[in-house]
Each structure stands twice: as structure tokens, then as C-alpha cells.
Amino acid sequence: MTESELVGTWIEERDDSVLVFKSDHLFTATNLPHHMFDAFPEDLPPGFQPGRDKLPAEGRWFLGNPGRIHDIGIDIDVLAGSANGGRYILRWERSDGGLTVNYYVGDPDLENRITYRKCQKDCPVALS
């Protein structure tokens with residue numbers, strides 16, 4: 001994946017989540033799936049309730065880690081209006097269905113993942 005392929009709006013339909021990767025290496029998100037934080041509940045804002053509360057976020061992104069070219073890192077600076085968050089690693093995959101950006105919940109071998117697809121037209125705007 002190149003930076004130009006990543007820049008744009010990505011949608012995860014199950015949780016109505018939107019990620020917007022900007023060319024200046026900043027990102028915004030609306031309603032990040034709370035499952036992303038199952039292993040890191042301390043990153044959630046105090047009093048967060050799944051199903052009731054949304055998880056907008058903003059921060060910085062980067063492509064690749066040494067030896068892990070399929071990684072997309074997101075450093076969350078603000079989560080649901082609080083200076084909470086941390087570094088989360090997403091993975092991009094290319095298949096017959098095109099490019100996807102995925103977050104694996106737990107062991108990747110279990111295939112429990114949150115999948116984003118790039119929006120091509122009439123894309124929502126992620127407001128954090």
C-alpha cells in the first residue's frame with residue numbers, strides 16, 4: 001500500500017465507523033468500534049458504555065514498522081474528547097475484493113477482525 005492509496009475515507013459498516021486518513025499524516029475517526037479496546041480498557045474514557053457512547057478519535061498515522069510492511073499505525077491523541085488513547089496497529093490487505101484496512105481483535109489466527117473499505121463516492125466526513 002502506498003500513502004496515496006491510504007489517504008481518504010474508509011468505512012466499517014457493521015459499527016458505522018469512519019476513518020479519514022489525511023495526506024499530512026493526521027487522521028480523524030467517528031465511532032471507533034469499542035472492540036478495538038477490549039485488551040486496553042484503560043484507554044477508554046472514564047464511564048464509557050458500549051452501545052450508548054461513541055468513540056470519535058483523532059491523532060497521527062504512519063505506514064509500516066520495521067519488518068512489518070503491512071502495518072498501519074495510528075497514534076490516538078484524543079479519544080471521545082479526552083486525552084486518552086495509545087498506539088494501535090491496523091493491517092492492510094489486498095485481495096480480489098480490493099484493499100481493506102483491518103484491525104484484528106485478539107489473535108489474528110481467529111479471524112476476528114474489524115474491516116474498513118475505502119469509500120469511493122458520497123463519503124461521510126469523520127468529525128472528532
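The values are calculated or read from the model by the stated rules, or taken from the named source; none is laboratory data. Fair warning: this is a prediction, and the values are worked out from it, not measured in the lab. Glycine gets a Cβ as well: all are built from the backbone with ideal geometry, and neighbour counts include every protein chain shown.
Of note:
- Pairs are defined by a Cβ separation below 8 Å, a sequence spacing of at least 6 or placement on different chains, a first member in the range 19-35 that is outside any strand (DSSP E or B), and a second member that is aromatic (F, W, Y); the pairs so defined are H25/W61; H25/F62; P33/Y103; H34/F48.
- Going through (1) touching a His at 6+ places or on another chain (Cβ under 8 Å); (2) within 16 Å of G8 (Cβ to Cβ); (3) not in a strand (DSSP E or B) one by one, F48 falls short only on (2).
- Selection within the range 12-25 - surrounded by fewer than 18 Cβ atoms within 10 Å (Cβ to Cβ) and touching a strand residue (DSSP E or B) at 6+ places or on another chain (Cβ under 6 Å): H25
- Residues that are within 17 Å of F21 (Cα to Cα) and touching a Lys or Arg at 6+ places or on another chain (Cβ under 8 Å), drawn from the range 90-121: L99, T100, V101, N102, Y103, I114
- Selection count, the range 82-97, where residues are out of contact with any Pro (no Cβ under 7 Å at 6 or more places or on another chain) and either among the basic types (K, R) or modelled with pLDDT under 85 (or both): 8
- Scanning the range 36-45 for residues that are hydrophobic (A, V, I, L, M, F, W, C) and either within 10 Å of P56 (Cα to Cα) or touching a residue at least 40 places away in the same chain (Cβ under 8 Å) (or both) turns up M36, A39, F40, L44.
- Members of the range 99-116 that are of a type in the set (A, V, I, L, M, F, W, C) and either in a loop (DSSP other than H, G, I, E, B) or in contact (Cβ under 8 Å) with a residue 40 or more places away in the chain (or both): L99, V101, V105, I114
- Residue match in the range 1-13 (condition: farther than 18 Å from Q120 by Cα and either within 16 Å of the chain's Cα centre (by Cα) or in a strand (DSSP E or B) (or both)): no
- Residue in the range 20-73 that is modelled with the lowest pLDDT, counting only those that are among the β-branched types (V, I, T) and more than 23 Å from E111 (Cα to Cα): T30
- Candidate set from the range 84-125 (those that are among the aliphatic types (A, V, I, L, M) and surrounded by 15 or more Cβ atoms within 10 Å (Cβ to Cβ)); member that is farthest from the chain's Cα centre (by Cα): L99
- Scanning the range 36-45 for residues that are surrounded by fewer than 18 Cβ atoms within 10 Å (Cβ to Cβ) and assigned to a loop (DSSP other than H, G, I, E, B) yields D38, A39, F40, P45.
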